[in-house]
Amino acid sequence: MPGAVYNGSVSGEPAIAVSQLSKVYGGKAAVDGLTLTVPRGSFFGFLGPNGAGKTTTIRMLMGLAPPTSGEISILGFSLPDGAIEIKKRIGLVPDESLLFDHLTGAEYIEFVARMYSIPRATARERARELLELFQLDSAGRKLIGEYSKGMRKRVAMAAALVHRPELYLMDEPFEGVDAVGARLMKDLLLEQVRHGATVFLTSHVLEVVERLCDRVAIINEGRIIVEDSMTALRSGAETLEDIFVRVVGVGRTADALDWL
Amino acid sequence: MTGQVRAIVWAQWRSLVNYFPHSNLAVSAVSAGLSAVWYGGCVVFAVLLAQVFSEPANAGLTESVLPPGLLLGFLFWQIVPVLLATTGGSLSMRKLLVYPVEPSRLFGLELALRAATTSEMTIVLTGVSVGLALNPRLPKWGPLALAGFAAFNICLSAGTRDFMVRMFERKRLREIAGLLIVMVGAIPQLIIAMGYGEKVAGLFRGGPGAPVWPWSAAALLCGERPSLAAAAVLAAWTAAGYAFGRFQHARTLRFDAEEANASESPVAAPRRGIAERLSAWPNRILRDPLAALVEKEIRFLVRAPRFRLVFIMGFTFGLVIWLPMAAGHARGGVVGSNFLTFTSLYSLLLLGDVCFWNVFGFDRLAAQLYWAMPAPFSTVLIGKNLTALFFVLLEVTLIAIGCAVIRAPLDAVRIAEAYAATVTTALYVMALGNLTSTTNARPLNASRAMRSGAPGKLQALMLLLYPVASIPVLLAFGARYAFSGEWAFFAALAASGAIGAVVYRVSLESALEAAEKNKEKLLAALGQGEGVMQA
């Protein structure tokens, strides 16, 4: 990738390589033999209907849920052995449960920065700048637990950027974020990709994915049913939404409800 | 790594500071003042202890005062971290797993955090240690024994906290965990009431010879007659505490709440649960939309861990807490002979927060539907009140069964008395509750078994309003005493009930007006935050 600024990770390896990954909850496979490769420098959209296994996959990639079986390699390091090396290089926009509700936005970003060994003074300065950028500086002493959904996503995004990671793992980053905030987030992510970073995100907003991502995978019932480049997927007349509905939403029409 | 440790300790500190109200300067000043008084008091107490234990004449205190003192310290050390974990004021180690920190180092951090959150004990023990070290009649390794005792406590409390946190994340088990915590507070009272006080105290003191407990072993090592056996006992307890803490910590890091709560048989046909059975009656005696509202309320409350906990507490904890006042010599006293009524009224107090004073709390922003749907708002309040009344009656029934099981005084008159007194009080509580619910709503997190966040003004208001609502029952007791007859009790209650019905009617009108007037403010308050802070 021209202009790449990152080093340290095993170059030439894909950003994410997952092989035969499975996660079983109470006898039911949430993720079922998933095999996936995310090239470096790509903007990868991971789509699927509710309950398809997207969040479970992301949780396994983050090292929060151990897989039942299968292998995960991120930036050339295998999980769980290379977990620390991987964590140093990734930025997370997790689901809301990973935020510390009793910290303010500034405190949270500063804390995250220091966890990535950024000196305190720099961490504080970056926290201030990021809060300003994401228009959260007016929240002042408000705690994250008192934030709205959109504010929580914005603070998570700001914290993900604070150490300039090589790979971003994002679970519904635009959920609840207003148009201005979403635009800012998209621009920032595109800029990061231009500089060689990789973005792996889940989203239900297909228009956003269609505009941002250069590669897409669709998961349903724990299995990948479509994986291709956006260019190849859109070579026909179908939009991404048409493709998505076709592959996962067959037979769901309101015709069956004659009273409606 | 040191930077990360500092960052984690700093975040824990900030979380604790932020846990207390910070909305304005005055509140912050009061919070800071209270903290200063509390920790200042600990320091003063530690200095006093240092002085007392440094006196050669007081060397004997290591045998008489130190063991029970250390036992109290042990209880403090174990209970406070669990309480902090339930309120959310403590950092979750699992959340740190996403950062580049070696999981093996997290245990050390966990111990440091447990020590930090119970710093009062560290301050007090430091005072004792200084005193022991300065006392010429006592061995110099006394402080070392106390350090070992502290290490045991910190390891054990880390393990206990981890265990409880996992319990709180498991469906069905979280209510049991909550109940366990509140029951711990009632255990000493129960032991004393059942006449086992001296026996249990003797057990914890330990007899002559080798000490059994860590506090008695540590105290013995600090005294004039230390023994190798005491050192071995303390070392064994510390090692066991470390192993327990480490084991629980590793389990917590591996814990996946989603996995733990996953159903074993996802394809099995849904069973007809308690919620289904309990919510069947409104459709038989009420008409829609009231029936639908009551049915929805019952289903929701039965599935809410927070409600389930207070409801279960009514006929378990409630019985236990009143038992000492009704057992032994107190059996013929006021509480003893009215045990069922007192316990039932206490259960009404427990249900108050979720059923009466803040009825829209669990609905959060969904409450806006009540203003949007084509039904009068009075139907909503009446529906919520009927649901509350249903659960109150159910609670009294369960308490009566509990009384029969523990052989508390019980007959038909007492049962009728309990129902009548509780329903009459509930009438007044509902009247007042409708007003507070439409003027001072706040969001509650139904999925948390225990209340989190600092107590708000509603709790303070409840302390004031509940005695007011209990006046009619007190008058009924007064009438029975004055006229020496059961008829007087029921006649007074009937009169209070009639007045209560009028009060309820009037307050309902006022509540409807308030609901309309405060609609925007209420919805803004109920919609505040998506996190757990308002819970």
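None of the figures in this text is laboratory data; all of them are computed from the coordinates on show. Note that the coordinates shown come from a computational prediction; the quantities given were computed from them, not determined experimentally. No Cβ is skipped: glycine too gets one built from the backbone with ideal geometry, and neighbour counts run over all protein chains shown.
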Value at 222 nm in deg cm²/dmol, rounded to 500, when DSSP H runs of n ≥ 4 in the protein assembly as shown each add -39,500 (n - 2.57): -20000 deg cm²/dmol
Kirkwood hydrodynamic radius of region A:31-122 from all distinct Cα pairs, in Å? 15.3 Å
Take A:TYR168, A:TYR116, B:TYR419 and order them by how many other Cβ atoms sit within 10 Å, fewest up front. B:TYR419, A:TYR116, A:TYR168
Using a/c under 1.5 as the rounded threshold, could you call the protein assembly as shown rounded, prolate or oblate? The axes a ≥ b ≥ c are square roots of the C-alpha gyration tensor eigenvalues, and prolate needs a/b larger than b/c, oblate otherwise. oblate
Kindly put B:GLU295, A:GLU13, A:GLU146 in sequence by how many other C-beta atoms sit within 10 Å of each C-beta, fewest to most. A:GLU13, A:GLU146, B:GLU295
Answer rounded, prolate or oblate for region A:29-85, using the Cα gyration tensor with square roots of eigenvalues a ≥ b ≥ c: rounded when a/c is under 1.5, else prolate when a/b is larger than b/c, else oblate. oblate
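Give me the inter-chain shielding for A:202-211: mean count of other chain Cβ atoms within 10 Å, whole number please.
If you average over the peptide's residues, the count of other-chain Cβ atoms is 0.
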From the phi angles alone, apply the Karplus equation (6.51, -1.76, 1.60; θ = phi - 60°) to region B:113-120 and give each ³J(HN,Hα) in whole Hz, x where the residue is Gly or Pro. 5, 5, 5, 5, 6, 10, 5, 4
Ranked list, fewest to most other Cβ atoms within 10 Å of each Cβ, for B:ILE312, A:ILE74: B:ILE312, A:ILE74
In debye, nearest 20, what is the charge dipole magnitude of the protein assembly as shown about its Cα centre with +1 on Lys and Arg Cβ and -1 on Asp and Glu Cβ, if you could check? 1260 debye
Which whole-Hz ³J(HN,Hα) couplings does region A:16-23 yield from phi under the Karplus relation 6.51 cos²θ - 1.76 cosθ + 1.60, θ = phi - 60°, glycine and proline marked x? 9, 10, 10, 10, 6, 7, 9, 9
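Ranking request for peptides B:351-362, A:48-59: highest mean number of other beta-carbon atoms within 10 Å first, then the rest in descending order.
So the order, starting with the most tightly packed, is B:351-362, A:48-59.
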Near the amide H of A:ILE225, under 5 Å away, which other amide H atoms are found, from residues 5 or more places off or on another chain, if H is placed in the peptide plane? A:ILE218, A:ILE219, A:ASN220
Top mean-square fluctuation among A:GLY63, A:GLY91, A:GLY45, Gaussian network model of chain A, C-alpha springs under 10 Å? A:GLY63
Cβ-defined net charge surrounding B:LEU526, 9 Å radius [Lys, Arg +1; Asp, Glu -1]: +1
Taking springs between alpha-carbon atoms closer than 10 angstrom, which of A:ASP101, A:ASP242, A:ASP32 fluctuates most in the Gaussian network model of chain A? A:ASP242
Cut-off 10 angstrom, C-alpha nodes, Gaussian network model of chain A. Which of A:GLU107, A:GLU227, A:GLU207 fluctuates the most? A:GLU207
Ranked packing of B:145-155, B:30-40, most packed first, by mean Cβ within 10 Å: B:145-155, B:30-40
Inter-chain Cβ neighbour average for residues A:77-86, partner chain, 10 Å: 1
Could you pull out every residue, at least 5 positions away or on a different chain, whose amide H is within less than 5 Å of the one on A:ILE16? Hs are placed 1.01 Å off N in the peptide plane, and Pro or chain starts have none. A:VAL38, A:LEU75
Alpha carbon centre of region B:369-437 versus region A:81-121: separation in Å? 48 Å
Output field shielding_mean for A:115-123 (other chain Cβ, 10 Å radius) holds 3
